[in-house]
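K.L.:
Okay, handing you the structure first.
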Amino acid sequence: MDTTDLTIKPDVLNYDDIRQMVPFFDGKPRLVSFLMKLLAVDKVNWIHRHNCHTPGVPFVQGLLNDLQAKIIVHGEEVLKNLPQDGFITVSNHPFGALDGIMLIKLVGEQRPDFKVMVNMVLNHISAMRPNFIAVDALASDDPQKRAVSVRGIASAMRHVREGHPLGFFPAGAVSKFTRDLHIEDRQWQPSVVSIIRKLKVPVIPIYFHGHNSPWFTILGMIDWRLRTLRLPAEVFRRKGDTFRVSVGRPIMPEVQAQYESVDALGQFLKQQTYAMKLWKK
């Protein structure tokens with residue numbers, strides 16, 4: 001049984017949420033209000049309230065409409081002919097929020113039962129929870145958080161084995177500068193690739209073209225928490241933009257089986273995804 005919390009809260013984050021997360025802000029509602037405006041959290045709350053009455057795939061469609069965002073898809077025929085049973089998508093993670101929103105729209109329009117594994121930060125977007133399976137990336141020292149992640153992984157595997165599609169951002173974090181100053185995912189997590197290997201279903205690579213602002217990337221070099229605080233502003237910075245997405249053909253289980261180790265399979269899946277980087281339109 002899926003125990004996902006489907007309670008829809010109008011605001012993504014409000015004063016009570018923030019003072020519980022950071023006790024310093026208790027009793028300082030004006031300071032919290034100022035920071036919410038500074039970090040564009042007030043805009044996030046508005047767009048969530050405007051669309052949260054239709055959770056799931058209709059929510060992300062409404063959100064993208066409010067952002068006046070357009071998506072050009074290369075490989076649209078793959079989306080129109082998705083496997084009927086369980087399958088997995090793997091994607092690069094250049095935006096940290098918009099890529100997840102677009103992924104749910106593109107795949108969820110064809111398969112409303114599509115879910116994406118996400119971290120606990122994105123799980124605050126309650127109207128997207130019908131398409132989320134949440135895990136805690138920072139759970140190593142907290143038994144309760146580890147339990148959330150264990151349940152999430154078990155739920156994800158059950159979801160696929162019952163014939164439903166599942167999406168992964170295997171990097172587990174937003175793309176960052178490489179040593180040669182390209183913006184790219186870090187190594188894809190062996191824990192995610194291991195799940196893919198065990199499930200033995202078709203894997204569809206999906207590549208999101210573009211990246212966040214240089215300022216966002218520089219903040220990430222200072223501290224990942226600063227980068228996270230910048231995410232809402234990055235979303236609204238792209239209002240009215242056109243995004244390009246490339247969808248590759250399914251990589252069948254027999255092809256995946258040719259890679260004997262988790263590391264080799266992870267490198268192969270990442271290479272297949274990034275091979276679509278050169279597509280232009």
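K.L.:
Per the Cauchy relation, a quarter of the hull surface: what is the mean projected area of the convex hull of the alpha carbons in the chain, in nm²? Mind dumping the intermediate values first?
P.N.:
Values: hull surface 60.2 nm².
That works out to 15.1 nm².
K.L.:
Under a cut-off of 13 Å between alpha-carbon atoms, report the aspartates and glutamates in cross-link reach of Lys9, not counting same-chain residues fewer than 8 places apart.
P.N.:
By straight Cα distance, Lys9 reaches Asp17.
K.L.:
Given segment 78-202, report the % of alpha carbon pairs whose separation exceeds 17 Å. Can you show the working numbers first?
P.N.:
Details: 4468 of 7750 pairs.
Percent of Cα pairs beyond 17 Å in segment 78-202: 58.
K.L.:
Can you give me the Rg/Rh ratio for segment 1-109, using Cα atoms for both radii and the Kirkwood formula for Rh?
P.N.:
Numbers: Rg = 17.4 Å, Rh = 16.6 Å.
Rounded to two decimals, Rg over Rh is 1.05.
K.L.:
Moving to a separate point now. Tell me, how many Å apart are the Cα centres for segment 194-213 and for segment 83-110?
P.N.:
With segment 194-213 and segment 83-110 each reduced to a Cα centre, they are spaced 9 Å.
K.L.:
In the chain, with Lys and Arg counted as +1 and Asp and Glu as -1 at Cβ, which of these residues, Pro205, Gln267, Ser246, has the Cα nearest the positive end of the dipole, that is, farthest along it?
P.N.:
Of the candidates, Ser246 comes out farthest on the positive side.
K.L.:
Sorted from largest down, what three extents in whole angstroms do the Cα atoms of segment 1-65 have along their principal axes?
P.N.:
36, 33, 14
K.L.:
When the chain is treated as a GNM, springs tying every alpha-carbon pair under 10 Å, which of Asn81, Asn123, Asn14 comes out with the largest mean-square fluctuation?
P.N.:
Asn81
K.L.:
Let me know the charge dipole size of the chain about its Cα centre in debye, to the nearest 20, where only the beta-carbon of Lys, Arg (+1) and Asp, Glu (-1) is charged. Please report the intermediate quantities before stating the final value.
P.N.:
Values: 36 positive and 27 negative charges, 104 e Å.
The calculation lands at about 500 debye.
K.L.:
Arrange the residues Arg238, Arg244 by how much accessible surface each exposes, largest first, with a 1.4 angstrom probe. Walk me through the numbers before you get to the answer.
P.N.:
Values: Arg238 35, Arg244 85 Å².
Descending accessible area places them as Arg244, Arg238.
K.L.:
Could you list, in their original order, any pairs among Lys115/Lys198; Lys105/Lys270; Lys43/Lys115; Lys70/Lys239; Lys43/Lys239; Lys115/Lys200 whose Cα atoms are separated by more than 20 Å?
P.N.:
On the way: Lys115/Lys198 18 Å; Lys105/Lys270 22 Å; Lys43/Lys115 25 Å; Lys70/Lys239 10 Å; Lys43/Lys239 12 Å; Lys115/Lys200 17 Å.
From Lys115/Lys198; Lys105/Lys270; Lys43/Lys115; Lys70/Lys239; Lys43/Lys239; Lys115/Lys200, over 20 Å: Lys105/Lys270; Lys43/Lys115.
K.L.:
Oh, and also: In square angstrom, rounded to the nearest 10, how much accessible surface does Glu254 have for a 1.4 Å probe?
P.N.:
120
K.L.:
Follow-up. Running a GNM on the chain with Cα contacts under 10 Å, which residue among His48, His182, His159 ends up with the highest mean-square fluctuation?
P.N.:
Judging by the Gaussian network model, the answer is His182.
K.L.:
A further question follows. Quick one: Debye curve from the alpha-carbon atoms of segment 235-279 only, equal weights, vacuum; give me log10 I(q)/I(0) at q = 0.23, 0.27 Å⁻¹ to two decimals.
P.N.:
After summing over all Cα pairs, the log10 values are -0.84, -1.00.
K.L.:
I'm a student and want to see the number: the projected area of the Cα convex hull of segment 196-276, averaged over all directions, in nm². Numbers along the way, then the final one.
P.N.:
Details: hull surface 28.4 nm².
Approximately 7.1 nm², given one-decimal rounding.
K.L.:
Using a 1.4 Å probe, how large is the accessible area of Phe268, given in Å² and rounded to the nearest 10?
P.N.:
My reading of the accessible area for Phe268 is about 30 Å².
K.L.:
Between the helical axis of 224-237 and the dominant principal axis of the chain, each derived from Cα atoms, what acute angle in degrees is found, rounded to the nearest 10?
P.N.:
It works out to around 90 degrees.
K.L.:
Starting with the highest mean, order 84-95, 214-225 by the number of other Cβ atoms within 10 Å, averaged over the residues of each peptide.
P.N.:
Working: 84-95: 21.0, 214-225: 14.0.
The peptides rank, most packed first, as 84-95, 214-225.
K.L.:
About the Cα centre of segment 48-113, how large is the charge dipole given +1 on each Lys and Arg Cβ and -1 on each Asp and Glu Cβ? Please answer in debye to the nearest 20. Don't skip to the end; give the middle numbers.
P.N.:
Values: 5 positive and 7 negative charges, 39 e Å.
Computed about the Cα centre, the dipole is about 180 debye.
K.L.:
A follow-up question, please. Work out how far the C-alpha atoms of segment 135-281 reach from end to end along every principal axis, then list the three figures in whole Å, largest first.
P.N.:
Result, largest extent first: 44, 40, 31 Å.
K.L.:
Taking amide H positions as placed in the peptide plane 1.01 Å from N, state which residues far from Gly167 in sequence (5 or more) or on other chains have amide H under 5 Å from it.
P.N.:
Amide H neighbours of Gly167, under 5 Å, 5+ apart: Thr89, Lys115, Val116, Met117.
K.L.:
Report the GluC sites (Glu not before Pro) located in segment 60-168 that are in a DSSP loop and have at most 11 other Cβ atoms inside 10 Å of their Cβ, or state none. Write down the numbers at each step before the final one.
P.N.:
Details: sites: Glu76, Glu77, Glu109, Glu162; in loops: Glu109, Glu162.
Sparse-neighbourhood loop GluC sites (Glu not before Pro): Glu162.
The values are calculated or read from the model by the stated rules, or taken from the named source; none is laboratory data. As the structure is a computational prediction, the values presented were derived from the model and not from experiment. Backbone-built Cβ (ideal geometry, glycine too); neighbour counts: all protein chains shown. The accessibility values were calculated without ligands, DNA or RNA, using every heavy atom of the protein model including side chains. Shrake-Rupley method; radii C 1.70, N 1.55, O 1.52, S 1.80 Å.
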